[in-house]
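**Student:** Sending over a structure as C-alpha cells; questions will come in a sec.
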Amino acid sequence: MRVLQVASEATPFAKTGGLADVAGALPEALADQGCDVTLVIPAYREVFAKGLPLEPTGIAFDVPLGTRQLPARIFRCVLPGSRVETLLVANDECFDRPSLYGGSEDYTDNSERFIFFSRAAMELAARQEMPYDIIHCHDWQTGLVPAYQKLLYSSSAAVQHARTVMTIHNMAYQGLFWHWDMLLTGLDWKYFNWQQMEFWGQLNLLKTGMVFADWLTTVSPTYAREIQRDPGGCGLEGVLASRSDVLTGIVNGIDTVAWDPRTDRHIPRPYSEQDFADGKYAARVALAVRLGHAAPDPRPLVAFVGRLVDQKGIDLVVDLLGRMAGSGRVRFVVLGTGHHHVEDSLRHVAAAFPGTIDLIIGFDEGLAHLVQAAADIMLVPSRYEPCGLTQLYALRYGAIPLVRATGGLVDTVVDTTPDTLQNGTANGFVFKSYDSHSLEQAVWRALDAHANGDLWSGLVRRAMLQDWSWDSSARDYLRVYEQIRVRS
Ligand code: ADP
C-alpha cells in the first residue's frame, strides 16, 4: 500500500511538540507493517541548520497562492534511523525563518505559509508516477489537503483514487483566519459555508480537513469521545458528532529507542525492571549534583515535566506545592517552560521552600530523561490531554504516573486499587475532579503506596514492562487504511 504522510513538523527535522514525534515515528512503523511510505514536510531554516544529508531533487514548480505563483523546490532525505523517504518543500519566503510558527505571537502570514505548503504537497504528489492509496495529513496546517484532493486534483492519476485520512492532535488549534484568506486557497467561495470551510465568519482549516477527509482519527479513544461534546470539541463538536462513524481514536506510541532506561545516554546508570532501584538511585544522585545539592534527598521525589500552560493543569501543581511542600514527607522537581505568569507563580512558591522544591525553567531534553529516571511519581494533572507522552515515558522509566482522568490519560493509566492490584492492571494513580484538593488526595495515596516497598516495587516493575511502542498503533492505522482504500 502506498501511503503519503503530510505534516508540518517531524522529528528529527523540526519539532515544537508531540505532532513531530508522531510524524517522525509513524512512517517507519507503517513501513515495518509493509507500507511504502513517503513523508512530506516543510524545509524550515532549522532543518537545513541540523546538518542532515538533504539532497536537492531538481524538482521545482510554481504553486498558485491567490493571484501569485510561489516557487517550491523539493529536497530529499531518508528519515534518519529509517528507510522512509522524506520530501521537503522549500520556499525561502515561507520557511526561511527563525521558528516554525512564530515566537510568542504566531506569524501573521501563517495561513499563506500553510496554504502554500498544503497545495505544494498535493502538487508534488500529483507529479509522482506511482499512485497513492492513502494520503494522511495532520492538524490544521494540512487541513486543505483532503479538500484539494477531492476538488482540485480529482483528475490527477497519482492521487485521484487515494483516500484521505486526517489526524487531529489537538482540537484547541484550528487554523482560524479571516475570510479573505479564502482567496488564497484557490477554492470556490461556494465552499465557504457553515457546513464546510467557514466557522463563525472565519476560514477554519482544521474544519475543512475534518469535512473533506474520508476518515478522521485522533490520538486516543477517550479524546475521540470528548471532542464530540462541549467543551472538548472547541466549537466543532457538532461536525465531529456528525462524522462519528468515520472517527477512530488511536493512542500514540513512543520512540522506544530514544526513551529506553536500558540504553539512555542521559542517565548515569542504565537500568531495567530487574535492577531499577540501583538505576533510579544513581539518577537521583546525578540530579542532585546537577541541581547543586550536596546529597540526594531520601524523601520520595514527585516530578512535573511539561509545558507551563493551562492545558497541563499547572495551576493545580502550583497549589499542590503550596499545600504539600511544608509536610516534610516529599520532594518536588518541576521542569518546564511556558507562560510567564505561570513561571512567576512557580518561582514564588519554589522560593518559599528552597530545600523541597527544585524549579528549572527551560527546555532541556536530556534533563527531562534524567528527571524521569530519578522520579518516583510523575504528575500529569492535565485539564485536557489528547494523548500525552509524558505518562508513557514515565511508565517506561518506572516513575509512576499520577494523572487526571481525561483524554489519553484515561486510556493509558489505570488507578491503583485493591482490585486493579489483584488483577494486575494497576500502573498509576488517577484523580477525576479538576481541583488541587483531589490532586493532593491522589498524591497522598501514592505516597502511602510508596511507603509499602513490596507493593511499590511490583507497581514499578509492571509499569516498566508495558509495551507502548508504535507497533500496535501502526497496526491500528493500517486497519483504518485497509478499510477505506479503493481496491482495484
Ligand atoms: P504536549 O505535546 O502537549 O506538549 P506531550 O506529553 O504529548 O505534551 O509531550 C511533551 C513532550 O515534551 C515530552 O517529550 C516531554 O518530555 C517534553 N517536554 C515538555 N517540556 C519540556 C521541557 N521543559 N524540557 C524538556 N522536555 C520537555
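**Student:** Exactly one of these conditions fails for Ala241: (1) within 22 Å of the chain's Cα centre (by Cα); (2) without any contact (Cβ under 8 Å) to a residue 24 or more places away in the chain. Give me its number.
**Tutor:** Of the numbered conditions (1) within 22 Å of the chain's Cα centre (by Cα); (2) without any contact (Cβ under 8 Å) to a residue 24 or more places away in the chain, the odd one out for Ala241 is (1).
**Student:** Does the stretch 429-438 include one or more residues that are part of a loop (DSSP other than H, G, I, E, B), outside the structural domain of Ala29 (by TED's automatic domain parsing) and farther than 19 Å from Leu320 by Cα?
**Tutor:** no
**Student:** I've got another one for you. Checking Ala7 against (1) away from the ligand (no atom under 16 Å from the Cβ); (2) surrounded by 15 or more Cβ atoms within 10 Å (Cβ to Cβ); (3) at negative phi, which test does it fail?
**Tutor:** (1)
**Student:** Examine the stretch 10-28 for a residue that is more than 19 Å from the chain's Cα centre (by Cα), on the phi < 0 side of the Ramachandran plot, not acidic (Asp, Glu) and not in a strand (DSSP E or B), and state whether such a residue exists.
**Tutor:** No, the stretch 10-28 contains no residue that is more than 19 Å from the chain's Cα centre (by Cα), on the phi < 0 side of the Ramachandran plot, not acidic (Asp, Glu) and not in a strand (DSSP E or B).
**Student:** If Arg83 satisfies every condition in (1) more than 22 Å from the chain's Cα centre (by Cα); (2) surrounded by 23 or more Cβ atoms within 10 Å (Cβ to Cβ) but one, which is the exception?
**Tutor:** For Arg83, the exception is condition (2).
**Student:** Something else: Based on what the data block shows, is Ala405 within 23 Å of Pro296 (Cβ to Cβ) and not basic (Lys, Arg)?
**Tutor:** So Ala405 does not fit the description; no.
**Student:** For residues in the stretch 384-415 being among the aliphatic types (A, V, I, L, M), within 15 Å of the chain's Cα centre (by Cα) and under 18 Å from Leu370 (Cα atoms), which is farthest from the ligand (Cβ to nearest atom)?
**Tutor:** This residue is Leu392.
**Student:** For residues that are of a type in the set (Lys, Arg) and near the ligand (Cβ under 8 Å from one of its atoms), tally how many sit in the stretch 296-313.
**Tutor:** Selection size over the stretch 296-313: 2.
**Student:** May I pose another question? Out of all the residues in the stretch 332-383, which are modelled with pLDDT of 95 or more, more than 10 Å from the ligand (Cβ to nearest atom) and in a loop (DSSP other than H, G, I, E, B)?
**Tutor:** Phe353, Thr356, Ala375, Asp376, Pro381, Arg383, listed by residue number.
**Student:** In addition: Could you check the stretch 110-152 and list, in sequence order, the residues that are within 24 Å of the chain's Cα centre (by Cα) and not in a helix (DSSP H, G or I)?
**Tutor:** Ile134, Ile135, His136, Cys137, His138, Asp139, Gly143
**Student:** Only one of these conditions is not met by Ala60: (1) surrounded by fewer than 19 Cβ atoms within 10 Å (Cβ to Cβ); (2) touching a residue at least 60 places away in the same chain (Cβ under 8 Å); (3) assigned to a strand (DSSP E or B); (4) not acidic (Asp, Glu). Which number is it?
**Tutor:** Checking Ala60 against (1) surrounded by fewer than 19 Cβ atoms within 10 Å (Cβ to Cβ); (2) touching a residue at least 60 places away in the same chain (Cβ under 8 Å); (3) assigned to a strand (DSSP E or B); (4) not acidic (Asp, Glu), the one that fails is (2).
**Student:** How many residues, within the stretch 139-180, are touching a residue at least 40 places away in the same chain (Cβ under 8 Å) and more than 29 Å from Ala224 (Cβ to Cβ)?
**Tutor:** The qualifying residues number 0.
The values are calculated or read from the model by the stated rules, or taken from the named source; none is laboratory data. Note that the coordinates shown come from a computational prediction; the quantities given were computed from them, not determined experimentally. Please note: Cβ atoms are built from the backbone with ideal geometry, for glycine as well, and neighbour counts cover all protein chains shown.
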